[in-house]
Amino acid sequence: MRPSFNRILLKLSGEALMGEGQFGIDPQTVARLAEEIKAAKEAGFQLCLVIGGGNIFRGLAGAAKGFDRATGDYMGMLATVMNALAMQNALEKVGVDTRVQSAIPMATVSEPYIRRRAMRHMEKGRVVIFAAGTGNPYFTTDTAAALRAAEMGCDALFKGTSVDGVYDADPKKVAMAKRYDTVGYNQVLADDLKVMDASAIALCRDNNIPIVVFNVREQGNFARVLSGEGVATIVGAEGE
């Protein structure tokens with residue numbers, strides 16, 4: 001029996017917003033994700049989100065092409081703000097009260113990140129989208145998600161990906177890859193299982209925040225996993 005959660009941080013990659021495209025934001029895909037988030041909220045969960053920026057710009061890839069790494073990361077952070085605004089728009093279209101808080105102050109388009117204000121929004125039933133990562137270069141949006149989950153006192157970090165859990169090898173490349181139902185933080189780190197980057201895993205481990213990895217591209221799957229029925233892998237303390 002899976003543990004039940006109340007307050008959840010949902011981490012989506014920027015790529016999750018692309019749909020079938022190779023770049024940018026697909027409005028239909030964002031609308032579908034908004035419906036899934038609405039269903040979770042109506043089921044009584046308190047929700048906050050962190051969305052990556054890889055569908056628009058990725059700092060590491062930019063650095064490989066000659067951009068200064070810090071500059072590339074700042075550009076990636078700005079991409080996450082665009083994604084956050086797209087998701088806010090989709091959520092409000094389906095009647096979900098939403099606030100965007102940016103770690104890089106942008107008073108015209110979002111609130112600044114203020115922890116206590118974010119907590120208050122969630123207590124009032126609003127969905128809070130945290131944009132611009134941690135506000136610092138050299139940190140991924142995975143690490144930002146782990147950080148915000150800890151700051152918000154979340155019961156779990158749900159990572160929506162294109163696979164249905166954590167495998168011992170890449171299931172898209174290795175046909176016999178084995179899926180874990182549960183796996184320990186330390187095994188993820190030791191075996192380099194590519195769930196999230198190492199600093200994000202360590203942050204979740206140190207604050208005892210389970211990471212639930214599931215396939216967000218499958219319609220209705222978020223609600224199923226929340227109710228304990230869908231296919232997912234829970235990363236937690238060893239032996240749980």
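The values are calculated or read from the model by the stated rules, or taken from the named source; none is laboratory data. Computed from a prediction, not measured in an experiment: that's the story for all the values here. Every residue, glycine as well, gets a Cβ built from its backbone with ideal geometry; the counts of neighbours run over all protein chains shown. Side chains are part of the model used for accessible areas, which takes the heavy atoms of the whole protein and leaves out ligands, DNA and RNA. Shrake-Rupley method; radii C 1.70, N 1.55, O 1.52, S 1.80 Å.
Among residues belonging to region 167-182 that are of a type outside the set (S, T, Y) and touching a residue at least 40 places away in the same chain (Cβ under 8 Å), point out the one that is most open to solvent (accessible area, probe 1.4 Å).
The residue in question is D181.
Cβ-Cβ below 7 Å, separation at least six or inter-chain, first residue in region 20-46 and farther than 15 Å from G95 by Cβ, second open to solvent by 50 Å² or more (accessible area, probe 1.4 Å): which pairs?
As it stands, the answer is R32/Q219; F45/N6; Q46/N6, since those pairs meet every condition given.
Quick one: how many residues across region 56-89 are open to solvent by less than 40 Å² (accessible area, probe 1.4 Å) and more than 17 Å from the chain's Cα centre (by Cα)?
The number of residues fulfilling the criteria is 6.
L189 is checked against (1) touching a residue at least 12 places away in the same chain (Cβ under 8 Å); (2) open to solvent by 50 Å² or more (accessible area, probe 1.4 Å); (3) part of a loop (DSSP other than H, G, I, E, B); (4) not polar (S, T, N, Q) and fails just one. What number does that condition carry?
All conditions pass for L189, except number (3).
Considering only region 131-166, state which residues are within 10 Å of the chain's Cα centre (by Cα) and either free of Cβ contacts under 8 Å to residues at least 24 places away in the same chain or part of a strand (DSSP E or B) (or both).
Answer for region 131-166, where residues must be within 10 Å of the chain's Cα centre (by Cα) and either free of Cβ contacts under 8 Å to residues at least 24 places away in the same chain or part of a strand (DSSP E or B) (or both): L157, F158, K159, G160, T161.
Scan (1) under 16 Å from the mean Cα position of the chain (by Cα); (2) open to solvent by 10 Å² or more (accessible area, probe 1.4 Å) for the single condition I37 breaks and write down its number.
(2)
Go through the residues of region 11-23 one by one and say whether even a single one is in a loop (DSSP other than H, G, I, E, B), of a type outside the set (F, W, Y) and crowded, with 20+ Cβ neighbours inside 10 Å.
yes
For a quick check of your reading: which helices (runs of 4 or more DSSP H) sit entirely within region 31-125 and have at least 3 residues that are at pLDDT below 95 and of a type outside the set (D, E, K, R)?
59-64, 69-93
All but one of (1) aliphatic (A, V, I, L, M); (2) outside any strand (DSSP E or B); (3) in contact with a Phe, Trp or Tyr (Cβ under 7 Å, 6 or more places away or on another chain) hold for M176; state the number of the condition that does not hold.
Failed condition: (3).
Being in contact (Cβ under 8 Å) with a residue 40 or more places away in the chain, at negative phi and open to solvent by 20 Å² or more (accessible area, probe 1.4 Å) is the filter here, so list the residues in region 120-130 that pass it.
E123, the sole residue that qualifies.
Hey, among the residues in region 40-55 that are hydrophobic (A, V, I, L, M, F, W, C) and open to solvent by 20 Å² or more (accessible area, probe 1.4 Å), which one's nearest to the chain's Cα centre (by Cα)?
That would be F45.
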